[in-house]
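For reference, the structure discussed in these notes is given below.
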Amino acid sequence: MEITDQELSRTDVERLTLTATEPVSLVRCTLTGADLRDLDLTEFSFDECALDGALLDGAGLGGATFTGCRMTGVSMERTRGLGFQIQRSNLFAANLTGVVLANADLSGCRFTEAVLRGADLHASVFDDCDLIETDLFDANLKDADLRGARLGPCDLDRLRALRGAILSPHQACDIVADLTGCSVLPIDS
């Protein structure tokens, strides 16, 4: 069931969860500030939707996808369900505390100033992502591929948060320079 170019409230989305007999696809819909807490949004597809300031805390998101969405300030704390995906979306200042996005392709997402505290991001791919000023405290980044991400400045706390992540040599040099103030130069041959 596809819904296009509609402004939707919690009541509208709740009705969809109760009446839909097939996966729901929302295309270019506006859910700005919508309170979707604790709803079962399993297998919902959000394409180019505006979810700025939406509350998705505790929502069931198993198999849900967010592609090309504007999600500035969205709150997704304690979401339920595995296998949801976010790609090419703007999550500036979003709260994703404790979210499970392990083994996910998060390409093209902007997580600038987002909170990913305690998130499970192991083995995820962050190609062309912004992680500048992102709170990664206690996030599981084991085997997460950050080589294509913009990390921004790094201090000791941030360095600890990056434990287990895969970085490029260039990123590692930038981190050493940030922490020590030294210049990292190649050896002349």
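The values are calculated or read from the model by the stated rules, or taken from the named source; none is laboratory data. Every value quoted in this text rests on a predicted model; they were computed, and no experiment measured them. In this analysis, Cβ positions are derived from the backbone assuming ideal geometry, glycine residues included, and neighbour counts consider all displayed protein chains. Side chains are part of the model used for accessible areas, which takes the heavy atoms of the whole protein and leaves out ligands, DNA and RNA. Shrake-Rupley method; radii C 1.70, N 1.55, O 1.52, S 1.80 Å.
Overview of results
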{"quantity": "Checking Ala94 against (1) under 9 Å from the mean Cα position of the chain (by Cα); (2) surrounded by 21 or more Cβ atoms within 10 Å (Cβ to Cβ); (3) modelled with pLDDT under 95, the condition it does not meet", "calculated": "(3)"}
{"quantity": "So Phe137, is it among the aromatic types (Phe, Trp, Tyr), modelled with pLDDT of 95 or more and either more than 10 Å from the chain's Cα centre (by Cα) or open to solvent by 70 Å² or more (accessible area, probe 1.4 Å) (or both)", "calculated": "yes"}
{"quantity": "Residues of the range 145-189 satisfying the condition of being small (Gly, Ala, Ser) and either loosely packed, with under 10 Cβ neighbours inside 10 Å or under 15 Å from Ser124 (Cβ atoms) (or both)", "calculated": "Gly148, Ala149, Ala161, Gly164, Ala165, Gly181, Ser183, Ser189"}
{"quantity": "Neighbours by Cβ (under 8 Å, 6+ apart or cross-chain): first from the range 1-18, in a strand (DSSP E or B); second among the charged types (D, E, K, R) and modelled with pLDDT of 95 or more", "calculated": "Thr4/Arg28"}
{"quantity": "Inter-residue pairs, beta-carbon under 6 Å, first open to solvent by less than 10 Å² (accessible area, probe 1.4 Å) and in the range 41-64, second part of a loop (DSSP other than H, G, I, E, B) and of a type in the set (D, E, K, R), 6+ apart", "calculated": "Gly58/Arg37; Gly58/Asp38; Gly58/Arg78"}
{"quantity": "Checklist (1) under 14 Å from the mean Cα position of the chain (by Cα); (2) farther than 30 Å from Thr21 by Cα; (3) surrounded by fewer than 19 Cβ atoms within 10 Å (Cβ to Cβ) applied to Leu116, failing item", "calculated": "(3)"}
